[in-house]
Amino acid sequence: MNSVEQQQLIEDYLLIENPQERFGALVSRATRLGSLKEEEKVDQNLVPGCVSQVWLVGALEAGRCRFR
């Protein structure tokens with residue numbers, strides 16, 4: 001995703017005024033992207049302090065930080 005696409009995505013989500021609805025739209029988009037592999041769901045990738053179990057995997061790809 002280039003910076004123009006990223007800015008458009010941000011602007012699209014900002015059109016949703018209700019924060020809970022905006023969050024729901026983001027979660028829905030993330031769900032369509034697929035889930036992590038079971039071997040990636042380790043304590044090292046677990047986000048502390050969340051009510052639900054949330055894992056975050058980061059990588060540097062072509063000079064950009066990518067998170068899943």
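Take the conditions (1) among the polar types (S, T, N, Q); (2) over 16 Å from the mean Cα position of the chain (by Cα); (3) at pLDDT below 95; residue 35 misses just one of them, which is (2). Filtering 20, 6 for residues that are open to solvent by less than 100 Å² (accessible area, probe 1.4 Å), part of a helix (DSSP H, G or I) and free of Cβ contacts under 8 Å to residues at least 60 places away in the same chain leaves a single hit, 6.
Can you tell me which residue within region 24-54, out of those that are in a loop (DSSP other than H, G, I, E, B) and of a type in the set (Gly, Ala, Ser), is nearest to residue 9 (Cα to Cα)?
34
Would you mention how many residues in region 28-68 are of a type in the set (A, V, I, L, M), surrounded by 10 or more Cβ atoms within 10 Å (Cβ to Cβ) and within 29 Å of residue 16 (Cβ to Cβ)? Looking only at that region, the number is 7. Residues that are touching a Leu at 6+ places or on another chain (Cβ under 7 Å) and assigned to a loop (DSSP other than H, G, I, E, B) were ranked within region 55-68; the one that is nearest to residue 34 (Cα to Cα) is 68.
The values are calculated or read from the model by the stated rules, or taken from the named source; none is laboratory data. Computed from a predicted model, the values in this text were never measured in an experiment. Here Cβ is always computed from backbone atoms with ideal geometry, including for glycine, and neighbour counts include all displayed protein chains. Side chains included, ligands, DNA and RNA excluded: accessible areas come from the protein's heavy atoms. Shrake-Rupley method; radii C 1.70, N 1.55, O 1.52, S 1.80 Å.
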